[in-house]
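*Asks:* If you scroll down you'll find the structure; I have some questions about it.
The values are calculated or read from the model by the stated rules, or taken from the named source; none is laboratory data. What you see is a predicted model, and the numbers here were worked out from it, not measured in a lab. When we count neighbours, we look across all protein chains shown, and the Cβ atoms used for this are built from the backbone with ideal geometry, even at glycine.
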Amino acid sequence: MTLIDGKAIAQEVRNEIRDEVAEWVAAGNEAPGLATVLVGDDPASAVYVGGKQKACAEVGMRGFDHRLAADTSEAEVRALLHQLNADPAVSGILLQLPPPPHIDGPKLTEEIAPGKDVDGLTPISTGLLHKNLPGLRPCTPLGCMELLKRHDVDLSGAEAVVVGRSDLVGKPISALLLQANATVTTAHSRTKDLAEVCRRADVLVAAVGVAHLIKGDWVKEGAVVIDVGMNRLDGKLTGDVEFEAAAERARLITPVPGGVGPMTIAMLLRNTLQAAKAAAAV
Ligand SMILES: NC(=O)C1=CN([C@@H]2O[C@H](COP(=O)(O)OP(=O)(O)OC[C@H]3O[C@@H](n4cnc5c(N)ncnc54)[C@H](OP(=O)(O)O)[C@@H]3O)[C@@H](O)[C@H]2O)C=CC1
Ligand SMILES: Nc1nc(=O)c2c([nH]1)NC[C@@H]1CN(c3ccc(C(=O)N[C@@H](CCC(=O)O)C(=O)O)cc3)C=[N+]21
């Protein structure tokens, strides 16, 4: 079994992006800028946003860190998003999900200009993804694909099973795997006999949010296991896969933490650079 070191691969990607940003700026362009919008004071979200801003600075991008009080109205957030859409210093905009309950996160996301949609979550980006047209793809799915790519996992004709069908993770991962010519099954809470479905997988992706839902003996011998889950269990961060038992059967497996998580931020930076370059090209 080989551990997929997401932390190390994310660092490689970040170094590549830092060089590319330096080259872009040396050619006379403005540094790409990432605006993050955080509504409320959820501590986990604050940590994520902080991490994203720090990563931005490290690769030479500008960061615009907008933090709004938990009782901010939907109209105020919408107005901020419009202001950021119009600001040429802002290449990419990220609305951290989930916002407080009185705000409809997915609906507000629609206000982000498609060219600045570095989370790849607007309906336009989703349409481009599913038609395999150029556009900004969701970061976590991109991060999973990058891990597979850097480990030379052959997806063509492979049986891929994705557990989870959210707009943020499960659905776009399934779409990217399909484009890479895998035979994709998307499982969810109504799936009958999830164990049997998982046992078919050459590539098993868990994106559920239930600690250790995926048992070790659901993993096919020699399979590649990507664990997207981020769960707090007894104060510790853990994935959706029963890691120890799964690692005995898997050929490649991601740990939590240190797997997919760091890749999400690396891909956000890549998307921000892509958005900046696309904006300059028009
Ligand atoms: N590493 C990273 O960078 C990121 C990690 N995450 C983590 O990934 C996980 C998933 O996130 P997200 O997609 O946003 O979560 P959602 O809650 O939006 O979606 C969860 C999905 O899992 C399915 N599901 C729930 N329970 C079961 C079950 N018992 N059996 C089978 N399927 C089930 C749901 O099915 P149904 O549709 O039928 O309800 C749904 O499709 C979370 O732990 C989250 O924290 C998320 C984003 C980034
Ligand atoms: N609009 C939006 N876009 C997102 O991309 C988004 C979001 N909302 N809401 C929440 C989820 C979650 N998410 C993570 C990012 C990085 C790590 C990460 O770096 N994790 C580290 C460790 C973190 C720790 O130790 O707490 C790791 O897995 O090694 C985790 C989770 C992005 N999300």
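*Asks:* Could you please find all residues in the stretch 39-58 being over 20 Å from Val77 (Cα atoms), more than 16 Å from ligand 1 (Cβ to nearest atom) and aliphatic (A, V, I, L, M)?
*Replies:* The answer is Ala57, and nothing else.
*Asks:* Looking only at the stretch 36-47, which residues are surrounded by 20 or more Cβ atoms within 10 Å (Cβ to Cβ) and either of a type outside the set (A, V, I, L, M) or in contact (Cβ under 8 Å) with a residue 60 or more places away in the chain (or both)? Show your work before the answer.
*Replies:* If we filter the stretch 36-47 for residues that are surrounded by 20 or more Cβ atoms within 10 Å (Cβ to Cβ), which is where we start, we get 36-39.
Passing the criteria: Thr36, Val39.
*Asks:* Where in the stretch 25-143 are there strands (runs of 3 or more DSSP E), lying wholly inside it, with at least 1 residues that are within 23 Å of Ala207 (Cβ to Cβ), at pLDDT 95 or above and hydrophobic (A, V, I, L, M, F, W, C)? I'd like the intermediate steps shown before the answer.
*Replies:* Working: elements: 33-39, 62-68, 92-95.
Answer list for the stretch 25-143: 33-39, 92-95.
*Asks:* Residues that are among the basic types (Lys, Arg) and more than 10 Å from ligand 1 (Cβ to nearest atom), at least 1 per element: which strands (runs of 3 or more DSSP E) completely within the stretch 178-274 meet that?
*Replies:* The qualifying strands (runs of 3 or more DSSP E) are 236-238.
Residue-wise test of (1) more than 28 Å from Pro257 (Cα to Cα); (2) surrounded by fewer than 19 Cβ atoms within 10 Å (Cβ to Cβ).
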site: Leu97; (1), (2): no, yes
site: Ile124; (1), (2): yes, yes
site: Arg137; (1), (2): no, no
site: Met145; (1), (2): no, no
site: Asp167; (1), (2): no, yes
site: Gly170; (1), (2): no, no
site: Ala182; (1), (2): no, no
site: Cys198; (1), (2): no, no
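*Asks:* May I pose another question? Quick test for you: out of Val153, Val219, Val228, pick the one residue that is in contact (Cβ under 8 Å) with a residue 60 or more places away in the chain and either buried (at least 21 other Cβ atoms within 10 Å of the Cβ) or more than 21 Å from Ala8 (Cα to Cα) (or both).
*Replies:* Val228
*Asks:* Please work out which residue is nearest to Ile226 (Cα to Cα), limiting yourself to the stretch 139-161 and to residues that are of a type outside the set (Ser, Thr, Tyr) and within 16 Å of ligand 2 (Cβ to nearest atom). Break it down into steps so the answer makes sense when it comes.
*Replies:* Taking the stretch 139-161 as the starting set, the residues that turn out to be of a type outside the set (Ser, Thr, Tyr) are 139, 141-155, 157-161.
Imposing the further condition that a residue be within 16 Å of ligand 2 (Cβ to nearest atom) reduces the set to 139, 141-147.
On the way: Cys139: 15, Pro141: 11, Leu142: 12, Gly143: 10, Cys144: 7, Met145: 10, Glu146: 11, Leu147: 9 Å.
By that ranking, first place goes to Cys144.
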